[in-house]
Amino acid sequence: MSSPILHVNLFVDSERLSPAPVRLKFIMPISAAFLAGLVITASFVVHALYISAESESKSLEIDLSDLKPKYAEFEKLQADSDALEASVVQVRCAKTAKYPIANFLVELAKVVPPSIQFNSLTYEYPTLPRAMPFAPEPASTNLVEEASLRISGRTSVHEDIAKFLETLQAENFSNIVKSADIPRGSFRQEQRKAVGADAGDVASLLFEVNIECVPRKFKSVSAKSGKEASK
Amino acid sequence: MSIVTEKNKAKKYADVVGLEITGTATYAVRIFRTPRKIEIVSVAELPGVQLPNSEEEVIKNAASVVVPRQAAAPYAAVAVNVPSAIMRLVVLKKSPDEDADAALTELFGTSRLADYRIGFVETSDPDAIAEPEAPQAGNDSSKDKAPEKDRMYIACALPNHVAENVAKLFPEARHPAPASLQLSSAARLAAFSRGPVRRDSTALLAHLHVSENQSTVAIFSRGVLVAYRQFPMGNSAVASRVAQEFGLTEELAIEMLNENQVDPSSVTAPVLTTLFRQVALSTEFVARREKSALSGLFISGVTTGIAHWLKIAESTIQTPVEQWLPFDDFAVRSRAIPRTMHIVQEKFTVALGAAIALSEDPEA
């Protein structure tokens, strides 16, 4: 028969120690306290960050509401600035595309036969539609502008009209005139009294000439080159 | 940090120091247990520690037990003996877990004592209990229920304040760490059960331990403790009788008895014969019950002339009697025990038993 060992241990579990220098019963509470402290600190930090971010967000919202009218004003100014800049560019372009109209008129006066009298000379160019009646005229953004001249006059010698038309289409006016023609139905007979007391009625012919001008070509030039060009 | 698994559980208490704490000295025995043997590694005698006698008595002795390095095993099994401690061999129908009330009545009697720490251990191997006999034909009641057998338990009780004080005696995080608290009388039985009882595990053996004012006899049958008796007579009764007869002080009387200067038989015989007759009555009773004969009586703790005790014991009990020297039953590492301590090895019996009890307890 085996002999059981007569061991009656009167220590309770908490009194039985471990010889290890690091005790679980010390490490566990310390670790638990450290973890709890870490969690509490982390929650405080997160809470503080949240509050800080929240207040910053509120202040930014306030700043944004302050900035909104200023920004709208800025946008308006920016648009005006863009429009003005575009106008300036257009003006520079127009400067490079200007017609030598004065020379044309001088040369025209030389070639008009004596029998022809001008009633009117109209230069027509396309106009852009206006959005607002009182808004400033917008600058054209077209690179090419079609233009035309309309001459209305009278003559007593209808052969001179044909000569005048030929002269216009000659090489001297090629820098302005692309084509010239007399629209159908534009000839009309006119009866008028001659100048003088004993003068009788004079029969003359009213006519119109349409001149299609060479298109104005706008070149985009830089501000610098524009300035140089103006010099 | 160490994690105890089933695999290393057996190794956990292989290296243990047993400590018997008394008011005059602390006795330390370090053992190392292997599957084949128990080896005594070191012994030491340290300063005594005063334990509180009552709950009101406050003794500041915290961390006062410092074990020298050679005896400082990882774990310590501590044994104490205070007047208020109680140890009895009780017979119960059910285990103390099942019927605590009956167990406490057996331990304390009618006067229940509060604030005690109590422990029980069955003396016989529960797995070795014989199968109940087959029920008789027609006995219907025995069909449902097996007859309850008496079971013997060693019951120990120690005041709480003493146990709490002992727990504080050891500095923390140093070797040894207190792992077991036992009563000195129980630890002594553990040492004997792993000494002469294991040596002759089929015999009926008795152990008589003589202390200052009382003697205890423990009887083991086939390795199991089957009887435990106390007698109110110890070394002081013999010493005072001799001192009275020869007109000496008790110290001189003890010295005279140990040096065999005179034959004190005529003086000591009446005292010792009375004691041994009571011991004989106990052993004979157990021998009849166990249907066996006493094979031997081992005596320990005698400080008043062991030779006279052995002589009178043999003549009274009519059985081989010898002095029990605890170290004789165990392997001893060379130079583990100084010569001076080998002579007084009986003093280390309790410390040795406490260490063995912790080391061999599979449930510790």
Other-chain or far-sequence residues with amide H under 5 Å of B:Gly18's (modelled H): B:Val29, B:Arg30, B:Ile31, B:Ala77, B:Ala355
Among B:Ala313, B:Ala179, B:Ala77, residue whose mean-square fluctuation peaks in a GNM of chain B (springs only between Cα atoms under 10 Å): B:Ala179
Along each principal axis, Cα extent of the protein assembly as shown, largest first, Å: 207, 70, 45
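Given the pairs B:Lys12/B:Lys347; B:Lys12/B:Lys149; B:Lys311/B:Lys347; B:Lys12/B:Lys168; A:Lys163/A:Lys193, which span a C-alpha to C-alpha distance of over 30 angstrom in this model?
From B:Lys12/B:Lys347; B:Lys12/B:Lys149; B:Lys311/B:Lys347; B:Lys12/B:Lys168; A:Lys163/A:Lys193, over 30 Å: B:Lys12/B:Lys149.
Over all pairs of distinct alpha carbons, what does the Kirkwood formula give as the hydrodynamic radius of chain B, in Å? If you can, show how the numbers build up before the last one.
Working: mean 1/r = 0.0453 Å⁻¹.
Its Kirkwood hydrodynamic radius stands at 22.1 Å.
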Calculated from backbone phi, Karplus (6.51, -1.76, 1.60) coupling profile of segment B:204-216 in Hz, x at Gly/Pro: 9, 10, 10, 10, 10, 10, 10, 10, 4, 10, 8, 10, 10
Rounded to 5, percent antiparallel among DSSP beta bridges of the protein assembly as shown: 75 percent
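Ignoring ligands, DNA and RNA, what accessible area per residue does segment A:1-89 give at 1.4 Å, in Å²?
Ligands and nucleic acids excluded, the result is 75 Å² per residue.
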Alpha-carbon gyration tensor eigenvalues x 5, square-rooted, for segment B:12-82, Å: 26, 12, 10
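Quick check: net charge around A:Arg154, other residues with Cβ under 10 Å of its Cβ, Lys/Arg +1 and Asp/Glu -1?
Value of the local net charge: +1.
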Filtered trypsin sites (Lys or Arg not before Pro), segment A:138-193: DSSP coil and at most 10 other beta carbons within 10 Å: A:Arg184
Choice from B:Val80, B:Val90, B:Val350 with maximal GNM fluctuation in chain B (Cα, 10 Å cutoff): B:Val90
Interatomic Cα distance distribution for segment B:216-364, bins of 5 angstrom, percent: 2, 8, 15, 18, 17, 16, 12, 7, 3, 1, 0
Amide H contacts under 5 Å for B:Ala177, placed H, 5+ residues apart: B:Tyr75, B:Ala76
Cleavage-rule hits (trypsin sites (Lys or Arg not before Pro)) in segment B:178-217: DSSP loop, at most 14 neighbouring Cβ within 10 angstrom: none
For segment B:79-96, 3J(HN,Hα) per residue [Karplus equation, 6.51 cos²θ - 1.76 cosθ + 1.60, θ = phi - 60°, Hz, x = Gly/Pro]: 10, 10, 9, 10, x, 7, 6, 10, 9, 9, 9, 10, 10, 10, 7, 10, 5, x
Per-residue [θ]222 nm for the protein assembly as shown (sum of -39500 (n - 2.57) over DSSP H runs n ≥ 4, rounded to 500): -12000 deg cm²/dmol
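Given a cut-off of under 8 Å on Cα pairs at least six residues apart, what relative contact order in percent is computed for chain B?
So the answer I get is 22 percent.
Can you pull out the GluC sites (Glu not before Pro) in segment B:245-279 whose DSSP state is coil and whose Cβ has at most 13 other Cβ atoms within 10 Å?
For GluC sites (Glu not before Pro) across segment B:245-279 that sit outside H, G, I, E and B with at most 13 neighbouring Cβ atoms in 10 Å, the list reads B:Glu259.
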B:Lys93 accessible area, assembled protein chains, probe 1.4 Å, Å²: 110 Å²
Span-like helix ranges in chain B, DSSP H, alpha carbon extent 27 angstrom or more, Kyte mean at least -1.0: B:265-290
GNM result for chain B, Cα springs below 10 Å: residue of B:Pro68, B:Pro83, B:Pro326 fluctuating most strongly: B:Pro83
Centroid-to-centroid separation of segment A:1-66 and segment B:273-317 [C-alpha atoms, Å]: 64 Å
Per-residue SASA entry for B:His175, accessible area with 1.4 Å probe, Å² rounded to 10: 90 Å²
Residues whose placed amide H lies under 5 Å from that of B:Thr123, excluding near-sequence neighbours: B:Met152, B:Tyr153, B:Ile154
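The values are calculated or read from the model by the stated rules, or taken from the named source; none is laboratory data. Quick caveat, the model's predicted, so the values are computed rather than measured. No Cβ is skipped: glycine too gets one built from the backbone with ideal geometry, and neighbour counts run over all protein chains shown. We work out accessible area using only protein heavy atoms, side chains counted, and drop any ligands, DNA or RNA first. Shrake-Rupley method; radii C 1.70, N 1.55, O 1.52, S 1.80 Å.
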